[in-house]
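Beneath this line is the structure, given in structure tokens, with notes to follow.
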Amino acid sequence: LLPGEATYPLYQAGLGRSRADWLVGMNMTRAYTLLAQKQGYEGVLSVGRVQTPTLRLVVDRDRAIANFVPTPFWDVVGLFQARGGAFRATWKPRDESLLDETGRCINEAAARSLAQRAEGEQGRVTHLETSRKTEAPPLVMDLATLQQEGSKRFGYGAQQVLDIAQALYETHKATTYPRTDCRYLPESMLSEAEGIVTALLQSDQRLQSLRDHLDLTRKSRVWNDSKITAHHGIIPTASRCDLSKMSEQERNLYDLVSRHYLAQFMSLHEYDQTDVVVTLEGEEFAVSGRRVKTEGWKVVFSKVLANQGDESSDDGDNEGTQRQLPPLTQGELCTASSIDVVAKQTTPPKPFTEGTLILAMKQIARFETNETLKARLKETAGIGTEATRAGIIETLLKRGFVKKQKRALVSTATGQQLIGALPTLLTAPGMTALWEQSLDEVADGRLTLQAFMERQEALIAKRVQQ
């Protein structure tokens, strides 16, 4: 605890944030709504410090998709026959004049020429390296991750996930406080693991088979006092709960939270990764393979992922599907029994879902082009908070600025016209970075609340006049 005077500037910064948010929202919303009404528009054109840059993310993404022009490229894939069996490897051109900026071959003639020269010829294994790799379990959930996973696995909306998580916390007493931006746990809670796991396995019989895989003395990277913010990650409670009283949606999210907690008490996932280069006709063909040595924590996700046919990016990447390679030796000769030229095209960016838009709001620095502002945004937790991001998306939907197409969020003509009409100052995420900078100065006592508000009022008055 600190004396009141020590935290008074922080209180002033909080006042400044809410007052300036209100001034921007109230004045800009009224100004643009009245302008639009003169042109026959009947709704409200709401403008806000967080909702407007969020809308711009969706509009920019939709424009990128609409304006996307596919570019052809070609892969050359060889089927090689070694002593121990066959394997496929892909050409990695070394001549940069054949490649685009992402390393894809854009010269069809060169690809077809190599395929004709190389088919039936012998290549040599010029690089062979096997290394043991380990993967730690994913951290426990925070609200944003739960919203992303809920969207990806089940198609749930961001507000829907928040409501379900709130019910699990308040009604069922099954999980801890949900409106958290932290994925770590305090070390003192390690002593509660026995009680939590016992209650969890009693509550959900489906998890009983995992009992033998758990080591409750194991201390994963999730236990870290220095990473704790106002709250810790979302985990099951030590209270036994009745799954029959939960809806299907509640059971689904409870299951995700539970499995991420149990994974902390399981061994690392271990595999051997083998990287191979075959040199043929002076060109290199490369492939990687992996052989799992210890399944480890992935056991806890195997059944749930098999049921959903989709593996979360957080639970391991697609490398898990890499083929196993036959036994090979350095310098071994391999015959290229066939060489295929595969014609491909670049694909447009994907539209946002509620889950990926929440992630974009959290990682807003990626969308800022000004390097100074980008660095400032990296220091903040993005735009919006864990508790407000779902509500922002709901507002955009309610106002008719974005709409849902299956799981995707797309901007409407109204949303696109609003972003087109607004000055960059109101739509760019960098505005939030500048605000945060000024509010930090207020919190540190280097800028008075009055001076901060005078700046905001002058800026807003100028915008209204324009």
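Beyond 27 Å, what share of the Cα-Cα pairs of segment 10-138 is found? Please give it as a whole percent.
60
For segment 1-154, what does the relative contact order come out to in percent, with C-alpha contacts under 8 Å and a separation of six or more?
11 percent.
Tell me, what is the percent relative contact order of segment 67-188, built from C-alpha pairs under 8 Å that lie six or more residues apart?
16
When the helix-only estimate is applied to the chain (DSSP H runs of n ≥ 4, each -39,500 (n - 2.57), divided by the residue count), what is the mean residue ellipticity at 222 nm, nearest 500 deg cm²/dmol?
Mean residue ellipticity at 222 nm (helix-derived): -13000 deg cm²/dmol.
Rounded to whole Å and ordered largest first, report the semi-axes of the equivalent ellipsoid of segment 120-180 derived from its Cα gyration tensor (root of 5λ).
They are 45, 16, 8 Å, listed largest first.
Please identify every one of the GluC sites (Glu not before Pro) in segment 32-114 that sits in a loop by DSSP and has no more than 14 other beta carbons within 10 Å of its own beta carbon.
Glu42, Glu101
On a 0 to 90 degree scale, rounded to 10, what angle separates helix 51-66 from the longest Cα axis of the chain?
Around 40 degrees separate the two axes.
Enter the per residue convex hull volume of segment 181-283, computed from alpha-carbon coordinates, in Å³ rounded to the nearest integer. Don't skip to the answer; put the middle values down first.
Values: hull volume 20.4 nm³, N = 103.
Enclosed volume per residue, from the Cα hull, is 198 Å³.
Gain in length, Glu129 to Asp255, computed as 0.36 nm per residue apart minus the alpha-carbon separation, to one decimal in nm?
Stretched fully, the Glu129-Asp255 segment lengthens by 41.4 nm.
Which value, in Å² and to the nearest 10, is the accessible area of Thr229 when all protein chains are kept and the probe is 1.4 Å?
Counting only protein heavy atoms, Thr229 exposes about 70 Å² to solvent.
Residue separation times 0.36 nm, minus the C-alpha to C-alpha distance between Ala64 and Met453: what's the value?
Value of the extension gain: 136.3 nm.
Taking a quarter of the surface of the Cα convex hull of the chain, what do you get in nm²?
The orientation-averaged projected area of the Cα hull of the chain comes to 28.2 nm².
Check the straight Cα-Cα distances from Lys245 and name the lysines below 20 Å, setting aside those fewer than 8 residues away within the same chain.
Lys245 reaches Lys173.
Using just the alpha carbons, could you tell me how many Å³ per residue the convex hull of segment 334-466 encloses? Write out the running numbers ahead of the final one.
Numbers: hull volume 29.0 nm³, N = 133.
Roughly 218 Å³ of hull volume per residue.
What residues from segment 430-459 fall in the zone where the backbone N is under 19 Å from a label point 7 Å along the Cα-to-C-beta line of Leu10?
It comes to 436-449, nothing else.
In segment 1-119, what percent of the accessible surface is made up of carbon and sulfur (1.4 Å probe, ligands and nucleic acids excluded)?
Numbers: 3720 of 6910 Å².
Result for segment 1-119: 54 percent of the exposed heavy-atom area is carbon or sulfur.
Counting C-alpha atoms alone, how compact is segment 355-424: give Rg to one decimal and Dmax as a whole number, in angstrom.
13.4, 38
How much length is gained on full extension from Glu96 to Arg323, taking 0.36 nm per residue of separation minus their Cα-Cα distance?
So the chain would gain 78.9 nm between Glu96 and Arg323.
Can you list the aspartates and glutamates whose alpha carbon sits under 13 Å from that of Lys133, skipping same-chain ones fewer than 8 residues off?
Straight-distance partners of Lys133: Glu270, Asp272, Asp275, Glu295, Glu319.
Express the relative contact order of the chain as a whole percentage, based on alpha carbon pairs under 8 Å and six or more residues apart in sequence.
27
What are the lysines whose alpha-carbon lies under 28 Å from the alpha-carbon of Lys378, with same-chain residues fewer than 8 places away excluded?
Reachable lysines: Lys152, Lys227, Lys350, Lys362.
The values are calculated or read from the model by the stated rules, or taken from the named source; none is laboratory data. A quick note: this is a predicted structure, and the numbers were derived from the prediction, not measured. Every residue, glycine as well, gets a Cβ built from its backbone with ideal geometry; the counts of neighbours run over all protein chains shown. What goes into the accessible areas is simple: the full protein's heavy atoms, side chains included, and nothing from ligands, DNA or RNA. Shrake-Rupley method; radii C 1.70, N 1.55, O 1.52, S 1.80 Å.
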